[in-house]
Every structure is written in C-alpha cells, then in structure tokens.
Amino acid sequence: PLVLGIETSCDETGIGIVRGTTLLANVISSSMDEHARYGGVVPEVAARAHLEALVPALKQALAESGVTLDELDAIAVTSGPGLSGALMVGVGAAKALAVSLDKPLYAVNHLVGHVGADVLREDDSEIELPTIALLVSGGHTSLLLVRDLVSDVELLGETIDDAAGEAFDKVARLLGLPYPGGPEIDRVAIGGDPKAIRFPRGLSQQKDMAEHRYDFSFSGLKTAVARWVEQTRDSGAEVPMADVAASFRESVADILLTKAVAACIDHGIPRLLLGGGVVANARVRELAAERCAAAGIELRIPPLKLCTDNGAMIAALGAQLIMAGHEPSTLDFGADSTLPATVIQA
Ligand code: ATP
Ligand code: MG
Ligand code: FE
C-alpha cells in the first residue's frame with residue numbers, strides 16, 4: 001500500500017511516503033536550532049514550528065516521490081508518546097487530510113515506529129523476529145521485546161529519570177558546549193581517554209541488575225560529571241575536556257549495552273535493533289558492535305536518517321498494519337503524550 005506518514009512528536013516535522021517497505025520520500029524539518037539557546041526542546045516552540053513546517057514538508061515529499069494525495073491508500077500519524085502540543089499538530093493535520101481525501105487513517109505509536117524503520121532498509125534483508133530493540137533519543141531510553149511489529153511489543157524497561165540523549169545535552173551544557181550535546185561530546189571526546197575518570201554506571205551494578213535489570217538511570221551520572229568538573233575547577237586545575245567527554249560517553253555506552261545485551265541473553269534472542277538519535281554516537285556504535293560480536297548477537301542499525309525522528313518510519317508502520325489486515329483507527333483518538341509502547345495502534 002501507498003502510505004503517507006506524519007510525525008510531530010518532538011522537534012522534527014517528518015513527512016514520509018512509502019509503498020509497502022519501499023521508501024519513496026522522507027522529508028525532515030527540525031526546529032532544533034530554535035531550541036539551542038534553551039539547551040533543550042521547548043514544547044511550545046516545537047508545536048509552533050510544526051505548524052509552519054508541515055505543509056511545506058508535505059508538498060516537498062509529494063514532489064520528491066511523484067505521488068499525488070489522491071493516489072494514497074492511507075495516512076499514518078504518530079499519536080504518542082511525545083510532547084502533547086507537538087503531537088496535536090500532526091494529529092490534527094492527519095485527521096483533516098483523511099477526512100477531506102476520504103482515506104483511512106492509522107494512529108500509531110512513535111516508539112514502535114522506530115522499530116518499524118528497519119523494514120525500509122535498502123539491502124532488503126528482513127528483520128528477524130523476535131528481536132530486542134533499544135531506543136535511545138532525547139526523550140526516550142526504552143528496551144523493547146518485539147515479537148510482532150503490529151501485534152506484540154513488550155516494554156522490558158525504560159529510564160527512571162533522564163533519557164540518554166538528555167544526559168548528553170545536559171553534560172554538554174555544563175561543559176560549556178552548545179546544543180544538541182551529543183555530536184559535541186563526540187567531537188570533544190576525540191583523543192580523550194575513556195578510562196581517565198570512572199563515572200558511575202547507573203543501575204548497572206550487580207545488586208541493581210537484580211532489581212532494575214532493564215531500567216536505566218542517567219541523572220546520577222550527570223550529577224557525578226558536574227561534581228567532578230566543579231571540584232577540578234575549584235582546585236584551580238584545568239578541566240581535561242577530552243577525558244571528561246570520553247569518560248562520560250564511555251559510561252553511557254556501557255550502561256546501554258550492558259542492559260541491551262542482558263535482555264538478549266535472558267530471552268535467548270540473539271538479535272538487537274538500535275533506534276533513536278543517540279545511535280549516532282560513535283562510541284555507542286562501536287561498543288554495540290564489540291559487545292554483540294562477543295555475545296553472538298546480530299546487530300541491526302538502520303541508516304541514521306531513519307534512526308532519528310522521521311515520517312517514513314510512521315508510514316512504514318502504517319503499511320505494516322494494513323498488510324496485516326488491521327482496521328483503520330476511528331477518528332476519535334487524540335494525542336497521547338504517555339501512550340505505552342505496548343499500544344501499537346491507537
Ligand atoms: P524523541 O525522544 O521523541 O524521539 P528527540 O528529538 O529527542 O525525540 P532524536 O531527534 O532522535 O530524538 O534525537 C535527538 C537526541 O539525540 C539529542 O538528545 C541529541 O543530543 C542526541 N544525539 C544526536 N547525536 C548524538 C551523538 N553523536 N551522540 C550522542 N547523542 C546524540
Ligand atoms: Mg529530535
Ligand atoms: Fe523518536
């Protein structure tokens with residue numbers, strides 16, 4: 001089926017068009033720059049930016065794919081989780097389009113959309129299920145067990161405080177680096193010693209691994225970095241930026257992969273899929289490759305443009321729902337900022 005996908009859950013306005021598992025267009029307009037001076041996404045600013053970016057992005061996606069609105073078989077939209085005001089812009093636009101064009105509408109889960117992005121890979125290798133999926137972005141750090149993309153997703157664990165991307169943004173800020181912090185930390189970490197400072201591994205010690213096996217915590221790590229930097233400055237010494245960045249990044253990567261690999265081993269599932277903006281991190285990618293190879297786990301990382309928030313992954317999940325015979329959503333759904341990962345279609 002030919003499906004249009006609309007994604008506005010955070011700061012990316014994403015419009016994607018797919019035919020089944022074939023990507024035809026993936027237009028992304030980000031309001032990231034507008035949030036830079038606040039050091040994080042400002043919901044009100046993001047919502048307003050979606051309103052301005054949505055129609056131009058839609059026109060561009062149609063032009064790039066050579067598809068007309070009439071030809072569409074269906075529309076899919078992210079209905080949650082995410083920022084309420086931001087989600088509402090996409091949901092409103094999708095309903096208006098669906099009603100005026102008389103097309104079926106599928107309200108889908110953003111997190112499951114990240115997993116669905118994998119079906120759009122150009123190498124045509126199909127994702128083998130079940131799989132463990134680790135989704136790491138500015139708003140989420142979630143570990144999922146996906147048995148079936150359209151009918152069976154289990155949430156194994158998630159962050160109990162900050163998301164991993166948020167930790168990158170906050171630590172970058174306290175180091176005086178601009179937003180978004182992830183790419184900056186990666187840049188500054190080059191040449192740094194990841195073993196220079198042993199920062200804490202939140203919820204990854206033995207006793208935590210019993211109680212919080214698949215949950216994440218990054219706020220303690222952020223505080224530890226802040227304290228270390230402060231003490232160093234107070235002592236009059238210069239802060240070794242590269243070592244701090246490399247050591248912090250090492251801790252995040254270690255936490256993420258310790259949990260993800262444990263989930264694979266516990267469930268006897270030798271497959272790990274990564275998604276979300278933090279997947280761009282050089283050390284996360286490297287350590288994922290190392291740990292997975294050592295444990296005999298097949299690692300799948302979609303291309304970066306499909307890892308960060310985008311509309312194509314939403315369209316792809318919509319297409320999967322249609323191909324599996326699911327009925328469209330009824331038009332009484334709304335934006336649900338806390339939609340659980342287990343609810344694939346609203
Ligand atoms: P959501 O959480 O709803 O998916 P988001 O906008 O936070 O929304 P993304 O756009 O996928 O999600 O990711 C942005 C986050 O990824 C930011 O926190 C940013 O710092 C982080 N990030 C980007 N590049 C890197 C990198 N190289 N290393 C670490 N983090 C990175
Ligand atoms: Mg974003
Ligand atoms: Fe996302």
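Every number here is computed from the coordinates shown, using simple stated rules; none is lab data. This is a predicted model, so every value here is computed, not measured. Glycine also receives a Cβ, built like all others from the backbone with ideal geometry; neighbour counts cover every protein chain displayed.
Details
- Highest mean first, the peptides 169-179, 229-239 sorted by other C-beta atoms within 10 Å per residue fall in the order 169-179, 229-239.
- Using the rule -39500 (n - 2.57) for each DSSP H run of four or more residues, divided by the residues of the chain, the 222 nm mean residue ellipticity is -14000 deg cm²/dmol.
- Separation in nanometres of the label points that stand 7 Å from Cα toward Cβ, at Ser235 and Arg19: 6.4 nm
- Our summary of shape: the Cα atoms of the range 60-113 have principal axis extents of 31, 23, 19 Å, ordered from largest down, in whole angstrom.
- Convex hull volume per residue for the range 151-200, taking Cα atoms only, in Å³: 143 Å³
- Relative contact order of the chain, taken over Cα pairs closer than 8 Å and 6 or more residues apart, is 27 percent.
- The range 99-233, Rg to Rh (Cα coordinates; Rh as Kirkwood inverse mean 1/r): 1.07
- For the range 82-113 and the range 18-66, distance of Cα centres in Å: 14 Å
- The chain - Rg over Rh from alpha carbon coordinates, Kirkwood radius: 0.99
- Rg(Cα)/(2.2 N^0.38 Å) for the range 1-73, N = residue count: 1.21
- Radius of gyration (Cα atoms) of the range 225-328, expressed as a multiple of 2.2 N^0.38 Å: 1.48.
- Cα gyration tensor shape of the range 177-235, rounded if a/c is under 1.5, else prolate or oblate by comparing a/b with b/c: prolate
- Rounded to whole numbers, the Karplus 3J(HN,Hα) couplings from phi for the range 92-109 are x, 5, 5, 5, 4, 5, 4, 5, 5, 8, 6, 10, x, 10, 10, 8, 10, 7 Hz, using 6.51 cos²θ - 1.76 cosθ + 1.60 with θ = phi - 60°, and x at Gly and Pro.
- Rg/Rh, computed from the Cα trace of the range 166-304 with Rh as the Kirkwood radius, has the value 0.99.
- Virtual spin-label span in nm between Leu155 and Glu64, 7 Å along Cα→Cβ: 3.1 nm
- Backbone HN-Hα couplings from phi across the range 219-226 [Karplus 6.51/-1.76/1.60, Hz, Gly and Pro as x]: 6, x, 5, 4, 5, 5, 5, 4
- Distance from the range 193-219 to the range 287-329 (C-alpha centre basis), Å: 26 Å
- Residues in the range 3-35 that a label on Glu52 would reach, taking backbone N under 18 Å of a point 7 Å out along Cα→Cβ: 8-15, 28-35
- Pair-distance profile P(r), taking every C-alpha pair of the range 283-332, with 5 angstrom steps and integer %: 5, 15, 15, 15, 14, 14, 10, 6, 5, 1
- Note that the range 16-112 carries a Kirkwood radius of 14.4 Å, evaluated over its alpha carbons pair by pair.
- Computed about the Cα centre, the dipole magnitude for the chain is approximately 660 debye when only Lys and Arg (+1) and Asp and Glu (-1) carry charge, each at its Cβ.
- For the range 82-161, the Kirkwood hydrodynamic radius from C-alpha pairs, put into Stokes-Einstein at 20 °C and a viscosity of 1.002 mPa s, yields a diffusion coefficient of 146 µm² per second.
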